[in-house]
């Protein structure tokens with residue numbers, strides 16, 4: 001297995017990427033997981049999968065069905081005290097899918113009670129690799145609302161947390177995936 005990390009800025013229309021830019025507003029980390037893309041993608045589409053692989057400790061539980069396309073959403077019950085940075089306590093957010101390419105890529109933004117909405121994006125890209133699937137986890141805050149840019153609080157999640165989530169994803173897949181969530 002290999003791990004690789006890069007901080008990047010990205011132009012979504014051309015796909016051009018610049019690694020190592022000091023003004024980067026995007027992080028990416030990679031790990032090869034010894035499983036097929038479909039198995040990994042099922043975990044990433046499942047609300048319980050998000051909770052199972054979270055390394056921040058903020059995701060407490062989730063409600064909703066596995067997502068199947070752009071515009072789908074589910075609710076995640078959060079506890080910001082895990083980060084010990086802002087006294088938000090427990091609250092709910094809605095994960096709203098913004099990109100969905102089966103077995104290849106999934107991305108989402110978070111909607112909550114905070115106004116203006118923040119607009120950061122989390123996602124995963126899956127690519128075939130000799131020893132399984134190369135999984136890229138990314139976190140992009142390049143298009144957040146200007147009020148949040150001025151606050152200077154991004155990134156909220158560290159590169160280490162993104163990397164740890166990939167390790168937990170690998171472990172979750174090795175153990176057979178995600179157990180069903182509690183009844184609604």
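Here are the numbers for this structure:
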| read-out | value |
| --- | --- |
| Scan of the stretch 130-168 for residues that are at pLDDT below 90 and at positive phi, ordered by number | 152 |
| Residue 102 out of contact with any strand residue (DSSP E or B) (no Cβ under 7 Å at 6 or more places or on another chain), surrounded by fewer than 16 Cβ atoms within 10 Å (Cβ to Cβ) and either touching a residue at least 60 places away in the same chain (Cβ under 8 Å) or under 18 Å from residue 164 (Cα atoms) (or both) | yes |
| Cross-chain or 6+ apart pairs with Cβ under 7 Å, the stretch 41-55 first and under 15 Å from residue 72 (Cβ atoms), then assigned to a helix (DSSP H, G or I) | 49/43 |
| Residues satisfying the stated conditions in the stretch 99-129, i.e. modelled with pLDDT under 95 and in a loop (DSSP other than H, G, I, E, B) | 112, 113, 114, 115, 116, 117, 118, 119, 120 |
| Residues located in the stretch 138-177, provided they are part of a strand (DSSP E or B) and under 18 Å from residue 57 (Cβ atoms) | 139 |
| Counted residues, the stretch 50-72 - those being surrounded by 17 or more Cβ atoms within 10 Å (Cβ to Cβ) and either under 27 Å from residue 153 (Cβ atoms) or modelled with pLDDT under 85 (or both) | 10 |
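The values are calculated or read from the model by the stated rules, or taken from the named source; none is laboratory data. Since the structure is predicted, the reported quantities are computational estimates derived from the model, not experimental observations. Cβ coordinates were reconstructed from backbone atoms using ideal geometry, including for glycine residues, and neighbour counts include every protein chain displayed.
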